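Each remark here refers to the structure printed beneath this line.
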Amino acid sequence: MNSQCSATKVAISVVNESLLKSRRQALHRRAAEALHDTNAEPEAIAHHFTEAGLDDLAIEWWGKAGDQRWATGSWKAERRKA
């Protein structure tokens, strides 16, 4: 891991710890909605709905992410890495 990546992770951790849970969840919801509007990867959208505590939407998008990985065969590459 390079130092820039480490610094980014530390910065994200500090920000997360300084925000109230309700504020952090609201930001994740906004991020998910913005990603949805830009046709981002379903996995990214699912992650933000999960962090926002919106379980029904998170489950829906995790399902879409799985369907996409299955359809594209990208799961095979991940399996070979393991």
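If I ask for residues that are assigned to a helix (DSSP H, G or I), of a type in the set (G, A, S) and closer than 13 Å to K64 by Cα, which ones from segment 18-51 would you list?
A44, A46
Could you pull out the residue among A46, A7 that is of a type outside the set (F, W, Y), free of Cβ contacts under 8 Å to residues at least 24 places away in the same chain and touching an Asp or Glu at 6+ places or on another chain (Cβ under 9 Å)?
Among A46, A7, only A46 is of a type outside the set (F, W, Y), free of Cβ contacts under 8 Å to residues at least 24 places away in the same chain and touching an Asp or Glu at 6+ places or on another chain (Cβ under 9 Å).
Just so you know, all these numbers are worked out from the coordinates, no wet-lab data involved. Everything quoted here is computed from the prediction, not taken from an experiment. FYI the Cβ positions are ideal-geometry reconstructions off the backbone, even for glycines, and counts take in every protein chain you see.
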